[in-house]
1. For residue 77, state whether it is more than 30 Å from residue 187 (Cβ to Cβ), in contact with a helix residue (DSSP H, G or I) (Cβ under 8 Å, 6 or more places away or on another chain), touching a residue at least 60 places away in the same chain (Cβ under 8 Å) and within 16 Å of ligand 1 (Cβ to nearest atom).
2. Mind listing just one residue for me: the one in segment 180-215 that is within 16 Å of ligand 2 (Cβ to nearest atom) and in contact (Cβ under 8 Å) with a residue 60 or more places away in the chain and, of those, farthest from residue 78 (Cα to Cα)?
3. Does residue 112 satisfy being under 28 Å from residue 229 (Cα atoms), more than 16 Å from ligand 2 (Cβ to nearest atom) and under 21 Å from the mean Cα position of the chain (by Cα)?
4. Can you find a residue that is without any contact (Cβ under 8 Å) to a residue 40 or more places away in the chain, under 17 Å from the mean Cα position of the chain (by Cα), surrounded by fewer than 18 Cβ atoms within 10 Å (Cβ to Cβ) and farther than 21 Å from residue 206 by Cβ anywhere in segment 14-32?
5. Is it true that residue 198 is closer than 25 Å to residue 88 by Cβ, in the same structural domain as residue 49 (by TED's automatic domain parsing) and at pLDDT 90 or above?
6. Only residues that are farther than 30 Å from residue 251 by Cα and either within 18 Å of the chain's Cα centre (by Cα) or touching a residue at least 24 places away in the same chain (Cβ under 8 Å) (or both): list them for segment 34-62, please.
7. Output the number of the condition that residue 120 fails; it satisfies all remaining conditions of (1) modelled with pLDDT under 95; (2) under 30 Å from residue 276 (Cα atoms); (3) assigned to a helix (DSSP H, G or I).
Ligand SMILES: Nc1ncnc2c1ncn2[C@@H]1O[C@H](COP(=O)(O)OP(=O)(O)OP(=O)(O)O)[C@@H](O)[C@H]1O
Ligand SMILES: [Mg+2]
């Protein structure tokens, strides 16, 4: 997870770069930065609000008795559905997660964000967890088990009440059931540190639901200790009205341009189809179309900007551009967008061989 507080040295390098840009480029950089950072709230934020509040209050509930057992919140959704953006937003807006200074003058972070390593092993996860706590491990020969023990110690020592792990799907690639069970057990173990009821925000693809629901003794199951929010795919025609509103907002409010011929049902359906019906991907595509319009110094965004945006985003040839073809666009699968390009690379290789 990146969170928007960049490294001081990055900001300095970016500032030096910015100073070399022409006034027009600087203006575009400013608009792009603002556009990318704008958050679009929807109904699903209400559910996230409730769950983030519940988890936060559950950590404080220990003071008055006991924290409830469900200490993990899983946010599941396909790639581009907006998991990382939403979780970052809901973390950033709560002051309870901000660093604070203890009575002894030490600065602590109540919430520690981290990415799941790839491949996800006990040792890799513990190393990533310690890394997120800025704890250096010099002896790499230490066993995964010992590193895990040190991770738990450090979570306590550094007073981390919450852990946010993104990209947890790395657990799913090619791993054996036994490894899945190990990682599930590790997460469950983190939720049961004696005297330290850690709470977790975990995100990944929907297939993680399988990982949550493993066979075994019920007390081994992580599911019992978790709440799950799913970011479902958008659908047609139900999500046309909300998508139309979002596209209009990005163009008018974020990019300060006029939408032209891009807000009618068929066009919005093309936006959804080209984005695998993923909420965030359709936002991203619309932003690229706006950026394209700005570069062409237009004061409006039209279909040609979406044609250019989709070509850039997908790498497709014109005949496979969902926004360029008149008919049959529903038969074009965005997942195959690079097919023609790949075929053209493969073909000459064969013909050269034959010569
Ligand atoms: N609520 C939102 N408001 C504004 N932009 C959003 C929102 N949700 C997602 N986006 C944009 O959509 C794009 C994809 O979102 P994000 O990276 O959060 O998806 P993801 O589900 O984490 O995908 P992956 O599984 O590939 O990591 C990003 O460019 C992000 O800026
Ligand atoms: Mg993500």
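1. Numbers: more than 30 Å from residue 187 (Cβ to Cβ): no; in contact with a helix residue (DSSP H, G or I) (Cβ under 8 Å, 6 or more places away or on another chain): yes; touching a residue at least 60 places away in the same chain (Cβ under 8 Å): yes; within 16 Å of ligand 1 (Cβ to nearest atom): yes.
No; evaluated as a whole, the condition is false for this residue.
2. Step one: of segment 180-215, the residues within 16 Å of ligand 2 (Cβ to nearest atom) are 201-208.
Next cut, in contact (Cβ under 8 Å) with a residue 60 or more places away in the chain only: 201-206, 208.
Numbers: 201: 17, 202: 14, 203: 10, 204: 8, 205: 5, 206: 6, 208: 11 Å.
Per the stated criteria, the residue is 201.
3. So residue 112 passes the test.
4. Within segment 14-32, the subset without any contact (Cβ under 8 Å) to a residue 40 or more places away in the chain is 14-27, 29-30.
From what's left, under 17 Å from the mean Cα position of the chain (by Cα): none.
No, every residue in segment 14-32 fails to be without any contact (Cβ under 8 Å) to a residue 40 or more places away in the chain, under 17 Å from the mean Cα position of the chain (by Cα), surrounded by fewer than 18 Cβ atoms within 10 Å (Cβ to Cβ) and farther than 21 Å from residue 206 by Cβ.
5. On the way: closer than 25 Å to residue 88 by Cβ: yes; in the same structural domain as residue 49 (by TED's automatic domain parsing): yes; at pLDDT 90 or above: yes.
Yes.
6. 51, 52, 54, 55, 56, 58, 59, 62, listed by residue number.
7. (3)
Conditions tested, residue by residue: (1) closer than 29 Å to residue 250 by Cβ; (2) assigned by TED's automatic domain parsing to the domain that holds residue 207; (3) within 13 Å of ligand 1 (Cβ to nearest atom).
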| site | (1), (2), (3) |
| --- | --- |
| 32 | yes, no, yes |
| 64 | no, yes, no |
| 92 | yes, yes, yes |
| 111 | no, yes, no |
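The values are calculated or read from the model by the stated rules, or taken from the named source; none is laboratory data. These numbers were taken from a predicted model, which means no experiment stands behind them. Heads up, the Cβs are rebuilt from the backbone with ideal geometry, glycines too, and the neighbour counts pull from every protein chain shown.
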